[in-house]
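Inspection log for the structure reproduced underneath, given as structure tokens.
The values are calculated or read from the model by the stated rules, or taken from the named source; none is laboratory data. Quantities reported herein were computed from a predicted structural model and do not represent experimental measurements. No Cβ is skipped: glycine too gets one built from the backbone with ideal geometry, and neighbour counts run over all protein chains shown. Ligands, DNA and RNA are stripped out before the accessible areas are found, and what is left, the full protein with its side chains, is counted by its heavy atoms. Shrake-Rupley method; radii C 1.70, N 1.55, O 1.52, S 1.80 Å.
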Amino acid sequence: MDLTLWATFAVTMFVLSITPGPAVLLVISQAMSRGFRAGMGAALGVQAGNAVYFFISAAGLGAALATSPIAFNVIRYAGATYLVYLGVRTLLSARKSLSLEERPKPALWDSGFAQGCIKQLANPKSILSFGALLPQFIHPGKSAVTQFAAYGLTCVVVEVPVLAVYAWLGVAGGRLSSSAQAIVWRERLAGVALVSVGAVLATMNGAA
């Protein structure tokens, strides 16, 4: 590994990860409505989605998706629709009497991890970002596999702590008030956040 390239990549990923976007919004909303564990689940789900696109980019398949508007839009709209559905359902089922401790454990497909993974997979621009970013940091005279692996691990090491801080901020915001009315509004805010994330994904420009 070229340490200068690696350090530059790490700084770049840190700057990108602290910039508020759909992933940050989702992590905060999950932490605020369901607690820190759900927020971290969403963060890990985002990383799982990133891992899929990172692998595809490393395998050289990013260009195929980038040049296929149909595949791009199918992925984007399917994921966006699911997130909007979850957000609307959360808004309609805001519970006035259940605290975070009293709420039943969500099903696997409704967990923070699943929502984070689906959100990231529903954003095929991630593959375009990786496809454009990675070649800038690859040293042609060294093992590509080793470099891709190191950069993939760096993404996780850099982004997870940042998202953990956002999850903590979400929990802190959710604990400002523990009244029944506050619980309702926190859940409604989480629903609005999910709908917003889905809307952002659905209204993004195409692959061009």
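Just one of (1) touching a residue at least 60 places away in the same chain (Cβ under 8 Å); (2) under 27 Å from residue 202 (Cα atoms); (3) surrounded by fewer than 19 Cβ atoms within 10 Å (Cβ to Cβ) fails for residue 26. It is (3). Going residue by residue through the range 46-53, is there one that turns out to be under 30 Å from residue 139 (Cβ atoms), within 18 Å of the chain's Cα centre (by Cα), assigned to a helix (DSSP H, G or I) and at pLDDT below 80? No; the residues of the range 46-53 include none that is under 30 Å from residue 139 (Cβ atoms), within 18 Å of the chain's Cα centre (by Cα), assigned to a helix (DSSP H, G or I) and at pLDDT below 80.
Per this entry, residue 164 is counted among residues that are at pLDDT 75 or above, open to solvent by less than 40 Å² (accessible area, probe 1.4 Å), assigned to a helix (DSSP H, G or I) and small (Gly, Ala, Ser).
Matching residues to (1) touching a Cys at 6+ places or on another chain (Cβ under 9 Å); (2) part of a helix (DSSP H, G or I):
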site	(1), (2)
4	no, yes
7	no, yes
14	no, yes
17	yes, yes
20	no, no
25	no, yes
29	no, yes
33	no, yes
39	no, yes
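Of the residues that make up the range 26-40, is at least one more than 22 Å from residue 192 (Cα to Cα) and of a type outside the set (Lys, Arg)? Within the range 26-40, none of the residues are more than 22 Å from residue 192 (Cα to Cα) and of a type outside the set (Lys, Arg).
Do we have residue 122 as modelled with pLDDT under 70 and open to solvent by less than 30 Å² (accessible area, probe 1.4 Å) here? Even if it seems obvious, please write down each step before you answer.
Numbers: modelled with pLDDT under 70: no; open to solvent by less than 30 Å² (accessible area, probe 1.4 Å): yes.
So residue 122 fails the test.
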